[in-house]
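Below: one structure, written as structure tokens.
Values in this text are rule-based calculations from the coordinates and carry no lab data. Everything numeric in this text was worked out from a predicted model, so none of it was measured. Note that each Cβ is placed from the backbone with ideal geometry, even for glycine, and that neighbours are counted across all protein chains shown.
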Amino acid sequence: MTPAEIWQVARTISPGLGIATVYRALRILMDMGTVEVVDIPGAPPHYERKHPHHHHHFLCESCQRVYEVEACTSGIDQTAPPGFLVKSHSLTLYGVCAECAGKVAASSAA
């Protein structure tokens, strides 16, 4: 979730909550190792609970929501040039989520 999305949800519980408090809380949670930032090209920074396992993300180009993709392409490290040492990788899929795709299909049928 973006800080703004977190703030919108948190304000339903604590109406006087300011966005600066959300950023401070995110910094504290990151320092504790509970939350991590997800940098996706073309999208604002998202924050998620730190995962014990490697995973990737899907960005819906329609609603801008970010979804977790649990699978990882095996052998992706072998795509580096010969002699290169891959330390980590990140993969982002771009497209339209099921909910947005359903809206497009429904409006086309009407």
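What to note about this one:
- Sorted by Cβ density within 10 Å, fewest first, the residues 1, 32: 32, 1
- Both radii were evaluated on the Cα set of the chain; the Rg over Rh quotient, with Rh as the Kirkwood radius, amounts to 1.06.
- The GluC sites (Glu not before Pro) of the stretch 44-73 meeting both criteria, a DSSP state outside H, G, I, E and B (loop) and at most 15 other C-beta atoms within 10 angstrom of the site's C-beta, are 61, 70.
- Taking all pairs of distinct alpha-carbon atoms in the stretch 55-110, Kirkwood radius in angstrom: 13.6 Å
- DSSP loop trypsin sites (Lys or Arg not before Pro) with at most 12 other Cβ within 10 Å: longest gap in the chain: 1-49
- Here the Gaussian network model covers the chain, with springs between Cα atoms less than 10 Å apart; of 12, 21, 79, 79 fluctuates the most.
- Helix-only mean residue ellipticity at 222 nm for the chain, each DSSP H run of n ≥ 4 adding -39500 (n - 2.57), per residue, nearest 500: -10500 deg cm²/dmol
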